[in-house]
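These notes are about the structure you will find just below.
The values are calculated or read from the model by the stated rules, or taken from the named source; none is laboratory data. Not measured: the values here are computed from a predicted model. Methodologically, a virtual Cβ is constructed for each residue, glycine included, from the backbone with ideal geometry; neighbour enumeration extends over all protein chains shown.
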Amino acid sequence: MILTTHNSVTEPSLFKKLAAKGVEKFIAYEIPLHLAEQRYGGHYSVVMHNLLETDDLRVLDFNGERAFNLFHMRELGQPIMYEEQKEAA
């Protein structure tokens, strides 16, 4: 679960930042901030208060299973799939 200042997970500049961190493919669900804040409570507040003005990507939860279990399927919306296109050798 990440928090970002990007308007959408489909922005090419976000893809580049994720790739720089070793994330070359993913399935994402955009979740309203109020739901993330509600489910993560105090931890959400800590992460948000640690954001610097120049930060545009923060990890709210490294545990995908926990993150997935905090939200109902109906809250997730449509999956957004991305895989970095590598040049053929």
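Some notes on this structure:
- Condition broken by residue 67, with the remaining ones in (1) under 13 Å from the mean Cα position of the chain (by Cα); (2) assigned to a helix (DSSP H, G or I); (3) free of Cβ contacts under 8 Å to residues at least 24 places away in the same chain satisfied: (3)
- Residue 78 being within 15 Å of the chain's Cα centre (by Cα), of a type in the set (S, T, N, Q) and either at pLDDT 90 or above or in a loop (DSSP other than H, G, I, E, B) (or both): yes
- Residues in the stretch 1-17 that are free of Cβ contacts under 8 Å to residues at least 12 places away in the same chain, under 17 Å from residue 81 (Cβ atoms) and of a type outside the set (D, E, K, R): 12 only.
- Meets criteria (of a type in the set (Val, Ile, Thr), out of contact with any Gly (no Cβ under 9 Å at 6 or more places or on another chain) and modelled with pLDDT of 90 or more) for residue 31: no
- Residue selection: residue 31 fails the criterion of being loosely packed, with under 11 Cβ neighbours inside 10 Å, in contact (Cβ under 8 Å) with a residue 24 or more places away in the chain, among the β-branched types (Val, Ile, Thr) and not in a helix (DSSP H, G or I).
- Picking from residues in the stretch 43-58 that are among the aliphatic types (A, V, I, L, M) and assigned to a helix (DSSP H, G or I), the one that is modelled with the lowest pLDDT is 48.
- Of all residues in the stretch 5-28 being basic (Lys, Arg) and assigned to a helix (DSSP H, G or I), the one that is farthest from residue 71 (Cα to Cα): 16
- Yes/no for residue 33 being within 13 Å of residue 1 (Cα to Cα), of a type in the set (A, V, I, L, M, F, W, C) and touching a helix residue (DSSP H, G or I) at 6+ places or on another chain (Cβ under 6 Å): no
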